[in-house]
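Here's the structure we're looking at; comments come further down.
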Amino acid sequence: MNKLAWLSLVLGACTGADSPTSEATSNLELDTGGFDTADESPEFAATAEFSAAGIEADTGVADPIAMPTMPTGAAAHDLLVMWGKFPPDRTATAIRDWSGQLQISRGAMRVGRAVAFEDRTDHLLPRTSVDTVAFASVTRPASDGLALGILDPTPDATEPLTLAYTATSGASLSIDLASLADGPAVLDAGDGFSVVALGARHDDACHGGFMRGRWHAFDDHVGGYLGLVVDRAGAVIGHVRGIYGTRKNGTPVLFGKFIDRDGHFSGILKGTYENGEMHARWLDRAGEHGVMGGRYFTAPVGEKGAFVARWAEAGCAEDPAPAAP
């Protein structure tokens, strides 16, 4: 897909025979959506487009608290938790103070990265317990978040492993980590704000992580997405871009391509989307390699929606591979 198409994806799609809408509609009928396995320039040579998309940046966190020694059989989980507006709302005037804490029901938590934290309003508070992370955070049009590592000493326990968010104001929400095996959790926090969590059991031998970015409608039937590819600890390791829409036979499909930070080919995504959920197979040059699954948040045509997803090699992925589109 040419650069003009992706510039239009960010700034708002046009119409006409040579428009991104027409090009994407045509490519939806192809086996891999028009994407190939060639290496690319870093960021698909579209640095300005990624910048204009306003994807929340992340920063590494030097977590000072020491993790306890876990017993044999303990389990580790990688978790990305975000809170705010999904999709972003650039016209929003209401400010939400999320200051409070995240607490795991057993075990310990390590903070890996902070997402979209701003020096003026957002920061971690001193750690006082291995099971709790306290923070100050304020959002208005978009979202903040944390990438966490969780250690569970008794994964076979009858009681579920839960992550509770408690605001300084007293509001609270809870997430059962086992439910994340079915895909990201989206919790209504009231007043148009949400908490989104996605995660998976950690496996050092498994290549995988998360994706997050913008979901754009060109019109009511076709659109595109672009975003960051991050590892299990939340660090950016590459970029992804793709298209989605309804084929002539009525099937909703999505395609995409992701690369590492140097532009080396990592995979083609080939799948489906519907009712806020997206699922795709991950294909490399040798064929089937893994899966991707997540949630998307629509916005009006020309506005910036959002998506979050996780990806992993097939041998250690929790998401089932979708049927071929």
When only alpha-carbon atoms count, how far does the chain stretch along each of its three principal axes, as whole angstroms with the largest first?
60, 46, 34
Where a Cα-Cα gap under 13 Å defines reach, which aspartates and glutamates qualify for LYS85, not counting those fewer than 8 residues away within the same chain?
GLU56, ASP97, ASP144, ASP188, ASP191
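By how many nm would the segment from ALA286 to ASP176 lengthen if fully extended, with 0.36 nm per residue of separation less the alpha-carbon distance? Provide the component values of the computation, followed by the final result.
On the way: separation 110, 0.36 × 110 = 39.60 nm, distance 3.65 nm.
Between ALA286 and ASP176, full extension yields 36.0 nm more.
Can you give me the relative contact order of segment 127-207 as a percent, contacts being Cα pairs under 8 Å and 6 or more apart?
Numbers: 59 pairs, mean separation 11.8, N = 81.
Taking the mean separation of contacting Cα pairs over the length of segment 127-207, I get 15 percent.
Give the relative contact order (percent, whole number) for the chain; include only Cα pairs under 8 Å separated by 6+ residues.
Details: 853 pairs, mean separation 66.3, N = 325.
After rounding, I find 20 percent.
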Residue-ordered couplings for segment 253-266, obtained by feeding phi - 60° into the Karplus form 6.51 cos²θ - 1.76 cosθ + 1.60 and rounding to whole Hz (Gly and Pro as x), are 10, 9, 9, x, 9, 10, 9, 7, 5, 8, x, 5, 4, 10
Order of 82-90, 116-124, 159-167 by packing, highest average Cβ count within 10 Å first?
82-90, 159-167, 116-124
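Over segment 243-325, give the accessible area per residue in Å² for a 1.4 Å probe, as an integer. Don't skip to the answer; put the middle values down first.
Working: 3430 Å² over 83 residues.
So segment 243-325 comes to 41 Å² accessible per residue, rounded to a whole number.
Taking the Cα centre of the chain as origin, work out the dipole magnitude from +1 charges on Lys and Arg Cβ and -1 charges on Asp and Glu Cβ, in debye rounded to 20.
Numbers: 25 positive and 42 negative charges, 79 e Å.
Result for the chain is approximately 380 debye, rounded to the nearest 20.
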Cα gyration tensor of segment 166-325, axes a ≥ b ≥ c as square roots of the eigenvalues: rounded (a/c below 1.5), prolate (a/b > b/c) or oblate?
oblate
Karplus ³J(HN,Hα) for segment 77-93 (6.51 cos²θ - 1.76 cosθ + 1.60, θ = phi - 60°; Hz, whole; x = Gly/Pro) runs 10, 9, 9, 10, 10, 10, 9, x, 9, 10, x, x, 10, 5, 8, 4, 10
Highest first, please rank the peptides 214-221, 32-39 by the mean number of other Cβ atoms sitting within 10 Å of their residues.
214-221, 32-39
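Relative contact order for segment 189-325: what percent, with Cα pairs under 8 Å and sequence separation of 6 or more?
Numbers: 335 pairs, mean separation 32.4, N = 137.
Normalised by residue count, the contact order of segment 189-325 is 24 percent.
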Given the convex hull of the Cα atoms of segment 158-248, what is a quarter of its surface area in nm²?
9.6
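The values are calculated or read from the model by the stated rules, or taken from the named source; none is laboratory data. Remember, it's a predicted structure, so these values are computed and weren't measured experimentally. Virtual Cβ from ideal backbone geometry, glycine too; neighbours counted across all protein chains shown. Areas reflect the complete protein model, heavy atoms only, side chains present, ligands, DNA and RNA absent. Shrake-Rupley method; radii C 1.70, N 1.55, O 1.52, S 1.80 Å.
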